[in-house]
Structure formats: structure tokens, C-alpha cells
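Novice: Dumping the structure here so I can ask a few things about it.
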Amino acid sequence: MTVDITPNVDMAADGPGFLTQPYCTGKIYYRSEPDGTVREGTLVVVKAGVPKNAPWSVLAYHDAHKQFPCDSTLDQFFTADKFDAYLALGHFAMNEAYTATSTDYAAHLAREADLIS
């Protein structure tokens, strides 16, 4: 298997504490057939990072809590505000990644359906 991805470019810093975008995509190549045929797929990596276009609630929490979203995993007692901030950031990041890659995913599903039939 070979993976071609450049997260350091796609998710680069956009000023102190911010990312340009919370996801990156790459290509993954793997042998899936007995004859050694190499198949290509798309790999999507989503990072818990705050881009400048994040929802207001996420930006406000980030402004008040500079370590967010890199809180220690030792802190398991989330306040309601912290939980809501992580939930909103996760929803936003996944929506951004899905919106950017959904055409590729739809094309992948169509190719898979053609291979099955």
C-alpha cells in the first residue's frame, strides 16, 4: 500500500492558533486483486483544529480558551461549554471535508456499483 498525502500543506497554520482548513485529502494505492492490480482510493484526514471560518461559537470558545482544541486527554470532565465547542468543531470540520470530497465519493460509489454489476 502507498499513501500520497501532504497535510503540512493542506492544513497549514493560518496565524497563531488557526488552520487554513481542518482536513486534507490524499491518494491511497493498494493491491486488491489476486493479479496484483493496483486500485486507487481517496483518503480524507480530519484534524481537530480551528480555521478562521469556523462557527462563531467555536471561535468564541477558542478565544477564551487558547489551548482548545488541544486539551489534555487527562481532563475527562468536560463542562457543557467545552463539550458543545468540541461538538460544533467536529460537526463543522466533517461538514467541510464532506462538502469538499462528496463529488469524489459519489464517483467512487458509482465505480464500485459498476464493478459489482
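Novice: Determine the pairs where a residue that is within 16 Å of Cys24 (Cβ to Cβ), located within segment 91-111, has a partner that is small (Gly, Ala, Ser) with Cβ atoms under 7 Å apart, the partner being 6 or more residues away or on another chain.
Specialist: Phe92/Ala54
Novice: Which of the residues that make up segment 43-60 are basic (Lys, Arg) and surrounded by 13 or more Cβ atoms within 10 Å (Cβ to Cβ)?
Specialist: Lys47
Novice: Just need a number here: residues in segment 87-103 that are of a type in the set (Ser, Thr, Tyr) and either touching a helix residue (DSSP H, G or I) at 6+ places or on another chain (Cβ under 9 Å) or under 13 Å from Pro51 (Cα atoms) (or both).
Specialist: Of all residues in segment 87-103, those of a type in the set (Ser, Thr, Tyr) come to 98-99, 101-103.
Next, only the ones that are either touching a helix residue (DSSP H, G or I) at 6+ places or on another chain (Cβ under 9 Å) or under 13 Å from Pro51 (Cα atoms) (or both) stay: 98.
Total satisfying the criteria: 1.
Novice: Also, I was wondering about something else. Under the condition of being outside any strand (DSSP E or B), at pLDDT 90 or above and of a type outside the set (A, V, I, L, M, F, W, C), which residue from segment 23-60 is nearest to Ala80 (Cα to Cα)? Break it down into steps so the answer makes sense when it comes.
Specialist: Start the filter on segment 23-60 by keeping residues that are outside any strand (DSSP E or B), which leaves 32-37, 47-50, 52-60.
Of the ones still in play, those that are also at pLDDT 90 or above are 49-50, 52-60.
Checking the rest, the ones that are also of a type outside the set (A, V, I, L, M, F, W, C) come to 49, 52-53, 55, 57.
Numbers: Gly49: 19, Lys52: 23, Asn53: 23, Pro55: 17, Ser57: 13 Å.
Across segment 23-60, the extreme among qualifying residues is Ser57.
Novice: Please find, among Leu43, Leu19, Leu59, the residue that is aliphatic (A, V, I, L, M) and in contact (Cβ under 8 Å) with a residue 40 or more places away in the chain. Before you say what the answer is, go through the steps one by one.
Specialist: On the way: Leu19 fails: in contact (Cβ under 8 Å) with a residue 40 or more places away in the chain; Leu59 fails: in contact (Cβ under 8 Å) with a residue 40 or more places away in the chain.
Just one listed residue meets the conditions, Leu43.
Novice: Kindly indicate the residue of segment 1-22 that is more than 13 Å from Thr42 (Cα to Cα) and assigned to a strand (DSSP E or B) and also nearest to the chain's Cα centre (by Cα) among those meeting that condition.
Specialist: Among them, the one singled out is Leu19.
Novice: Still on this structure: Looking at Asp63, Asp75, Asp84, which is the one that is surrounded by fewer than 13 Cβ atoms within 10 Å (Cβ to Cβ), over 30 Å from Glu112 (Cα atoms), modelled with pLDDT of 90 or more and among the acidic types (Asp, Glu)?
Specialist: Asp63
Novice: Is there a residue in segment 21-41 that is farther than 25 Å from Leu109 by Cβ and in contact with a strand residue (DSSP E or B) (Cβ under 8 Å, 6 or more places away or on another chain)?
Specialist: The answer is no; no qualifying residue exists.
The values are calculated or read from the model by the stated rules, or taken from the named source; none is laboratory data. Since the model is a prediction, treat every value here as computed from it, not as a measurement. Note: ideal-geometry Cβ built from the backbone for every residue, glycine included; neighbour counts use all protein chains shown.
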